[in-house]
There are 2 protein chains.
Amino acid sequence: MNTIRSLLKKTGVQAAFFAAFGAAAWYGGSYYERQRCREKLASLGLPVTLSEYPQFPITPIISAAEVDQNRVALVQKRTSEIMRFGFPSLNNVRYFDDFLLSYDNRTRVANWVFEHLTEENLKVKDNVNRELCQFVEDPTIHQFFRSTNADYYRSGYDRGHLAAAGNHKLQQSHCDQTFTLSNIAPQVGVGFNRGAWNRLEKYVRAQARHNSNVYVCTGPVFKPHREADGKKYVKYEVIGERDVAVPTHFFKVIVMEGHDNKLTMEAYLMPNQPINDNAPLTQYLVRIIRKSLYNNNSISPPTKLSK
Amino acid sequence: MNTIRSLLKKTGVQAAFFAAFGAAAWYGGSYYERQRCREKLASLGLPVTLSEYPQFPITPIISAAEVDQNRVALVQKRTSEIMRFGFPSLNNVRYFDDFLLSYDNRTRVANWVFEHLTEENLKVKDNVNRELCQFVEDPTIHQFFRSTNADYYRSGYDRGHLAAAGNHKLQQSHCDQTFTLSNIAPQVGVGFNRGAWNRLEKYVRAQARHNSNVYVCTGPVFKPHREADGKKYVKYEVIGERDVAVPTHFFKVIVMEGHDNKLTMEAYLMPNQPINDNAPLTQYLVRIIRKSLYNNNSISPPTKLSK
């Protein structure tokens with residue numbers, strides 16, 4: 001003790017001691033306060049760290065220096081090609097290399113997905129293989145609103161593509177991106193995803209081979225029906241921990257630009273149910289105006305219409 | 001005939017004749033083509049005029065010269081006050097003089113409505129009277145997605161306010177604006193809109209009198225439930241020609257800033273059902289994180305939390 005006292009009498013050591021004591025107290029106090037805050041938040045049922053909350057904007061902020069300008073220019077160019085007739089809505093728009101989508105936080109399914117097909121970009125290049133693709137979460141969607149593979153597990157539904165994998169085989173990365181779960185919706189497998197819906201996708205690709213340009217807008221529909229009590233209801237299943245909505249129907253709006261530059265538009269509305277293999281696709285042709293009423297997407301018609 | 005022929009021989013008259021003939025032919029041709037186009041569109045089940053289609057943007061384009069700059073400055077100032085904690089989402093945002101909302105085209109009900117209340121702006125000035133207010137359609141929402149008074153007629157539901165009329169009595173125009181149908185949702189009348197929900201609105205006003213500032217975010221919830229088959233479903237009624245969604249629940253998130261500048265946040269989730277008059281409001285307090293999961297609104301928490 002005496003040695004300590006005599007040491008403390010030396011000014012330099014005194015200063016060092018007080019500095020160390022102060023630092024320890026400061027860290028101790030801040031640690032205590034941090035713990036108190038964590039407990040308070042936890043007792044209120046609130047996430048402990050602010051980063052757990054969805055914020056707006058949700059995507060991480062990156063400095064301009066980190067942005068690859070060549071890639072930005074490429075995406076901008078492709079976007080202007082794909083979205084030639086404008087955006088149906090602007091909520092949570094996500095830009096992929098070969099398609100775009102608007103995501104609905106409430107249903108955990110896209111509002112719409114837009115693609116642009118030509119004979120040229122439908123070619124399979126460099127042995128692109130969908131067997132190499134894996135379904136992955138979309139990291140740009142906040143974890144509160146993001147659908148996951150676990151949500152689909154044992155749900156009885158397929159992870160159905162909105163932008164079809166078969167439309168994006170120019171590069172492996174294009175094909176990979178269609179497996180991002182924001183481009184996926186719960187679809188009945190046998191008779192729909194692997195049946196009639198697949199036939200519709202093949203029909204679209206055939207059109208791309210017979211026209212200069214084909215623009216495709218695809219999305220879910222939650223259609224009302226009348227019940228025995230005479231009232232109308234919207235009812236749909238939700239799957240998994242995140243309550244991913246199972247659409248009652250899916251739509252596809254196709255704008256075809258012929259080699260004569262004439263524009264034709266077709267709209268399809270298919271129930272998310274097994275459909276008879278012999279049912280002609282034309283049975284599911286609808287008036288575009290009806291489709292608009294069932295969801296929140298507005299599609300502008302081409303200025304010229306033929307057929 | 002001879003007179004006509006001789007007249008035509010005069011160069012000036014010839015020119016006039018050909019000009020008139022040309023003009024007539026041009027108008028005739030364009031009239032014929034217009035009619036043909038109308039018939040074609042009608043036969044396809046499409047609206048005859050392009051203005052009938054929802055376009056993006058939907059609001060009419062006005063020239064800068066028509067904008068009242070004083071009013072713009074006023075709305076901007078009020079917006080920054082109301083939205084102090086940011087926007088939960090940015091889809092179809094509508095700016096009113098004393099509140100803001102985001103509109104959901106699919107449900108025909110707002111995603112969220114934001115208000116800012118103080119003791120001062122809760123005062124009733126200039127004999128503002130809600131009896132003078134009338135429910136009116138929101139002309140800034142395209143007619144496809146706009147709810148109308150006819151949709152509510154004989155539906156059995158009240159036209160329930162999201163931004164409460166009682167919170168906006170500083171000016172008659174403020175009160176009037178809360179009766180715009182984009183701020184209205186179908187609510188059970190007896191026991192809810194005129195009962196527990198009204199009590200919650202009064203509680204919020206009381207908080208505004210005991211605090212410096214109160215920020216209120218209100219909106220619909222479409223909550224899933226489990227049925228006998230073990231699966232989860234979202235089910236809600238839709239009313240009227242326009243299929244206006246009847247929310248299963250309504251939420252209110254309240255951020256209160258005390259006179260000591262401390263912030264407190266409370267979230268309420270109430271079923272759109274008759275609620276017992278004796279049920280305490282605290283029974284409907286929920287964890288804010290749960291609420292976020294039920295719909296597409298993200299609310300950032302205040303940076304400091306007390307209580």
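Read-outs: derived from the displayed coordinates by stated rules, not from any lab. These numbers were taken from a predicted model, which means no experiment stands behind them. Every residue, glycine among them, receives a Cβ derived from its backbone with ideal geometry; neighbour counts consider all protein chains shown.
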Exceeding the 32 Å Cα-Cα cut-off - candidates B:Lys169/B:Lys235; A:Lys77/B:Lys235; A:Lys231/A:Lys252: B:Lys169/B:Lys235; A:Lys77/B:Lys235
Per DSSP, loop GluC sites (Glu not before Pro) in segment B:109-200 with at most 16 further Cβ within 10 Å: B:Glu119, B:Glu137
Interchain or long-range residues, amide H under 5 Å from B:Thr180's placed H: B:Val136
Charge context of B:His225, other residues only, Cβ under 9 angstrom, K/R +1, D/E -1: +3
